[in-house]
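J.: Before I ask anything, here is the structure I am working with.
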Amino acid sequence: MAAAAGAVGLTAGWVLSSGGQPTAGAPAAAAIMRPTIAGDFELLDTAGKTVRWTDINGRWQLVFFGFTHCPEACPTTLANASRALTDPGLEAHDLRVLFISVDPGRDTAEVIRKYVGTFGPRVTGLTGDPAGIASAAAAFGILFEKMPAMEDGEYVVNHTASLFLLGPTDEIYETIPYGATAPEIADAVKRHL
């Protein structure tokens, strides 16, 4: 129980610290220095094929880090992001939601494939070995930590629960906080297209 309470507190701290980046509802500045994804990294797609970041970047996408055993933040965020892409103002755009696992122990390519498949065709996922996931997380400035196993052997992974709107040049246009609704996510995206 103490581990679960600690997990909630730690996650809340990560979610609340936006690092000075714009959040949903904040006006977009015309000439702003935006954070850029730094470096290249290798992960596995849902077919188990190795992909490099340079193979899959270069487009508008909503990027979220999480894990498939996540009880609330991950499925809620992915469902809302997927619903946001059905907004009439976004349907014609080549947008996707990219889910990157922070749980290499349980989230195999097959597990990720089944998981993201429940959120619709515009949601895709990546996983990898611990080094690849750590590199991806570092490139985005994501914090994550596997917590000690509970009595039943299950564990949670504390992680940054923000959704990142990434442009085609790997700039983070907006950091959308956990809890944003589908209309709020759609509005955040439309501010930048």
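No lab work stands behind these numbers, since they all come straight from the coordinates. If you're wondering where the values come from, they're calculated on a predicted model, not measured in any experiment. All Cβ positions, glycine included, derive from the backbone under ideal geometry; neighbour counts span all protein chains shown.
J.: Using modelled amide H (1.01 Å from N, peptide plane; none on Pro or chain starts), what sits under 5 Å from the amide H of residue 125, excluding residues fewer than 5 places away?
T.: Under 5 Å from the amide H of residue 125: 46, 99.
J.: Let me ask another. Can you give me the long-range amide H partners of residue 174? Hydrogens built in the peptide plane at 1.01 Å from N, cutoff under 5 Å, separation of 5 or more residues or another chain.
T.: It is 165, by chain and number.
J.: Going by amide H atoms built from the backbone, whose H comes under 5 Å of the H on residue 65, apart from near neighbours?
T.: 100
J.: Now for a separate question. Can you give me the relative contact order of region 113-193 as a percent, contacts being Cα pairs under 8 Å and 6 or more apart? Each step should come with its number before you reach the end.
T.: Working: 62 pairs, mean separation 11.4, N = 81.
About 14 percent, as a whole number.
J.: Separate question: Let me make sure I get this right: for region 131-185, a, b and c are the square roots of the gyration tensor eigenvalues over alpha carbons, sorted descending. Under 1.5 in a/c it's rounded, otherwise prolate if a/b > b/c, else oblate. Which is it? If you can, show how the numbers build up before the last one.
T.: Values: a/c = 3.94, a/b = 1.57, b/c = 2.51.
Because a/c hits 1.5 or more and a/b fails to exceed b/c, region 131-185 counts as oblate.
J.: Note the full-extension length gain between residue 79 and residue 56 as 0.36 nm times their separation in residues minus their Cα-Cα distance, in nm to one decimal.
T.: Numbers: separation 23, 0.36 × 23 = 8.28 nm, distance 2.18 nm.
Length gained between residue 79 and residue 56: 6.1 nm.
J.: Then there is this: Around residue 135, with a cut-off of 11 angstrom between Cβ atoms, what is the net charge of the other residues, counting Lys and Arg +1 and Asp and Glu -1? Please list the in-between numbers first.
T.: Working: positive: 52; negative: 40, 42, 129.
Result for the local shell: -2.
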